[in-house]
Amino acid sequence: MKNIFSLTNILGILIIAFSFQGLALAQIQTNTSKQLLLDASQPTVLITGSNRGIGLALARNYAISGWNVIATCRSPERADDLKKLIYDYPNISIEKLDVTELNEIESLARKYQGIAIDVLINNAGILGDVKNQTFGSLDQLTFEKVMAVNAYGPLKVAEAFTESVALSNQKKIVSMTSGLGSMQITGNMDRFYFYRMSKAALNMGVIAMNASLKSKGVMSALIAPGQVETQLLYESGFEGPGAITTDESAIGLIEVIEGISPQTIRKNRGKATNYNKRIIPW
């Protein structure tokens, strides 16, 4: 009788445990599909490409600081690491957004219409197939895909969310560039044609956008993450020393973003600021 009772207790505990597990998973599914209940006393950040790498680290570190975080990615159902953050940080909302799909951009902007977004971070980016970006093997489809994600997408996201950013206190749109978009840094490099071109194009677009948004009081600035241990760095074939962690980059970038002002943009002449506050030359 004692053994039966013990077995019954064990079964009961297991049933309760699985019930709570199901409840937690259901909560994640709910959070990925519904609008975040924003804490009006805290600022809000929207981050594209939040499912991994620097975007994931930015979402985590902003959430730790108490911000309302709207974390977007192409496939929330596969963003396991991002979904896990919801357990500890209910101030994170996960939204589906492919920055090359205009209908998704417009739909999400309508969902958050009238809600102040203090900082919009255009982080989503791709390297593209490396073998299709060398002279003699240049591929048009690879070119179009890389340019769409890295250069055109950020401008369309900024267009769609400008009014929400203009409603906020901080009024910042920041876009992630790279030292590979600098002619001074990579002038003698013969690889990554399209990726480098896309970042150079983004740089020009962000400068033009800053002029366009000045009348709304919205600032548009460039940031760069440094050499970070990410999937993109792995795909590039880099094997040298000196790479930093995603958290190191994210913490530095958040400090850089906090320091952005009309004065710093004028002082830097629109140039990108690296995570360590160094200015990247054109």
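Mind scanning Lys96/Lys172; Lys199/Lys271; Lys216/Lys267 and naming the pairs with a C-alpha gap bigger than 18 Å?
Values: Lys96/Lys172 22 Å; Lys199/Lys271 12 Å; Lys216/Lys267 20 Å.
Those over the limit are Lys96/Lys172; Lys216/Lys267.
Over all pairs of different C-alpha atoms in segment 35-274, the reciprocal of the mean inverse distance, the Kirkwood hydrodynamic radius, equals 18.0 Å.
All of the numbers you see were taken from the coordinates with simple rules; none came from a lab. Just so it is clear, the structure is predicted and the values come from calculations on it, not from any experiment.
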